[in-house]
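Everything on this sheet refers to the single structure shown next.
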Amino acid sequence: MVYTKEQMDKALALREEFKKYLNIGQEFLYLSEQDCMDTGTTDMEIIDATEQGMIGYSLKQLEMPAKIGIHPMPDSLMHAMPANLPEQYACGIKWGSNFPTNKAQFPDCIPTNCQILYNDALTGHLLSMMDASWITKVRTPATALVSIKHGANLDAKTFGMIGCGIQGRANVKMVENILKDLETIYVFDMFDAAMDALIAEAQPLVKAKIVKAESLEQLVRSSNVIVSALPIVHSPNPPVKAEWVSKGQTLVCLDCHTVYEDAVYKAADKYYVDSREQHELLEGYGYYPQGLPVITGETGELAAGVVPKRESPDELVVFNNVGMASEDMMCAKIIFERALKMGLGKKLPLWTSTKGL
Ligand SMILES: NC(=O)c1ccc[n+]([C@@H]2O[C@H](COP(=O)([O-])OP(=O)(O)OC[C@H]3O[C@@H](n4cnc5c(N)ncnc54)[C@H](O)[C@@H]3O)[C@@H](O)[C@H]2O)c1
């Protein structure tokens, strides 16, 4: 997707601004996870940027192929995720991984690791290499919150978090940005210590009382809105029974079809995915052995108001968001531009020769 004249003019002006801080083509800005956090980017800025990334994708205002991946360890994934956002003068690629096997074999290594190469769309040069673990950590709950904002009953009093790892903790910490009337947050994990760690980290930051669910069944039966973030496995053995789920609930899956019996997805009154193309590709890889349900629309289409939305408080609404590079690049743009002006990170040489070309 090439730039229009108007987008080109905007990009050229912004590029001139960047050149005050960075010798483009000769050096790039390295940003660690801490540098990204030090930009002070707020939850709401991340949620809004993520929403724009989802809408821009669904309205075909940007270029983003379905992600491709490799799988070196059992149930691991390493995904290549490029996106080009002409309206924002933002482009690049995220290289993101999840290795559930780290827990047992390399306990000092977190399971999810990501980097972004952020480029100058006008020349292709590298502007920044940033650790994207923090971006992934916050933009993923943001996709859930965009889904909840447009698909859930916003007066929900109860929220359930299945999986209390990196994503579980981040989702719980951010949920009250959208669900403002929550009274109880139920959490469930196979490890007690993971639930304890979540409560210790998140309880000081949220008003609702965080409670360890006695069982997955209790969580599912008790929560108006549920987000799940368990390891995505190639051949899932879903632990949640269809009879535990009820009308009126909103279920947001950040882990494909890992958690619920197939009958739950098929019973949904509305079923949204972040990218049809991505999910059809995953179906081809065998991730949905019982087939994808009928898709009501993309989450970005729902946010843009171009596909049917929840029609009554009693509908069962399910989202399946596997994550998109457009969300990462929207967030990377904010972080790069802010970090550049704040003098964060480290400038490193590219060694690109400009002589003799
Ligand atoms: N959709 C997206 O955009 C996106 C982005 C990042 C991560 N993810 C996915 O989210 C999931 C979680 O990622 P994370 O970084 O939080 O991983 P994590 O390893 O930090 O957390 C996973 C948690 O699930 C728990 N768990 C594992 N199996 C369980 C089971 N059968 N029952 C109950 N608890 C169980 C683990 O104890 C752990 O606490 C992964 O599947 C990852 O690929 C999705």
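What residue, among those in segment 150-164 that are part of a strand (DSSP E or B) and within 12 Å of the ligand (Cβ to nearest atom), is surrounded by the fewest Cβ atoms within 10 Å (Cβ to Cβ)? Only one residue tops the list, namely 162.
Listed by position, the strands (runs of 3 or more DSSP E) contained in segment 1-108 that have at least 1 residues being closer than 30 Å to residue 179 by Cα and hydrophobic (A, V, I, L, M, F, W, C) are 77-85.
Beta carbons closer than 9 Å, at least 6 apart along the sequence or on distinct chains, pair a first residue in segment 101-129 that is within 30 Å of residue 4 (Cα to Cα) with a second that is within 16 Å of the ligand (Cβ to nearest atom) and of a type in the set (Lys, Arg) for 115/94; 116/94; 117/94. For segment 276-357, the helices (runs of 4 or more DSSP H) that sit wholly inside it and include 3 or more residues that are surrounded by 19 or more Cβ atoms within 10 Å (Cβ to Cβ) and at pLDDT 95 or above are 299-304, 325-342.
Within segment 216-237, none of the residues are without any contact (Cβ under 8 Å) to a residue 12 or more places away in the chain and away from the ligand (no atom under 14 Å from the Cβ). For residue 62, indicate whether it is within 16 Å of the ligand (Cβ to nearest atom) and in contact (Cβ under 8 Å) with a residue 40 or more places away in the chain. No, not satisfied. When the residues of segment 106-137 are filtered to those that are open to solvent by 10 Å² or more (accessible area, probe 1.4 Å) and among the aliphatic types (A, V, I, L, M), which remaining residue is farthest from the ligand (Cβ to nearest atom)? Once the filter is applied, the top-ranked residue is 122. Filtering segment 165-181 to residues that are open to solvent by 10 Å² or more (accessible area, probe 1.4 Å) and part of a loop (DSSP other than H, G, I, E, B) leaves 165, 178, 180, 181.
What about residue 198, is it more than 9 Å from the ligand (Cβ to nearest atom), closer than 23 Å to residue 42 by Cα and assigned by TED's automatic domain parsing to the domain that holds residue 216? Taking the combined requirement at face value, the residue does not satisfy it.
Scanning segment 229-261 for residues that are surrounded by 18 or more Cβ atoms within 10 Å (Cβ to Cβ), hydroxyl-bearing (Ser, Thr, Tyr) and touching a helix residue (DSSP H, G or I) at 6+ places or on another chain (Cβ under 9 Å) yields 250, 260. Looking across segment 217-234, the residues that are touching a Gly at 6+ places or on another chain (Cβ under 9 Å) and not polar (S, T, N, Q) come down to 219, 220, 225, 226, 227, 229, 230, 231, 234.
Say whether the condition of being touching an Asp or Glu at 6+ places or on another chain (Cβ under 7 Å) and either within 11 Å of the ligand (Cβ to nearest atom) or touching a residue at least 40 places away in the same chain (Cβ under 8 Å) (or both) is met by at least one residue in segment 186-195. Yes, some residue in segment 186-195 is touching an Asp or Glu at 6+ places or on another chain (Cβ under 7 Å) and either within 11 Å of the ligand (Cβ to nearest atom) or touching a residue at least 40 places away in the same chain (Cβ under 8 Å) (or both).
Looking at the structure I just gave you, is residue 144 open to solvent by less than 10 Å² (accessible area, probe 1.4 Å), within 12 Å of the ligand (Cβ to nearest atom) and assigned by TED's automatic domain parsing to the domain that holds residue 43? No, not satisfied. Each residue in segment 65-84 was checked for being free of Cβ contacts under 8 Å to residues at least 12 places away in the same chain and of a type in the set (A, V, I, L, M), and 1 pass.
This table checks each residue for (1) more than 25 Å from residue 145 (Cα to Cα); (2) of a type in the set (A, V, I, L, M, F, W, C); (3) assigned by TED's automatic domain parsing to the domain that holds residue 296; (4) touching a Lys or Arg at 6+ places or on another chain (Cβ under 8 Å).
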residue	(1), (2), (3), (4)
17	yes, no, no, no
21	yes, no, no, yes
30	yes, no, no, yes
40	no, no, no, yes
64	no, yes, no, no
75	yes, no, no, no
78	no, yes, no, no
87	no, no, no, no
95	no, yes, no, no
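The values are calculated or read from the model by the stated rules, or taken from the named source; none is laboratory data. The structure presented is a predicted model; accordingly, all values stated were derived computationally and were not measured. No Cβ is skipped: glycine too gets one built from the backbone with ideal geometry, and neighbour counts run over all protein chains shown. When the accessible area is computed, the model is the full protein with side chains, heavy atoms only, and any ligands, DNA or RNA have been set aside. Shrake-Rupley method; radii C 1.70, N 1.55, O 1.52, S 1.80 Å.
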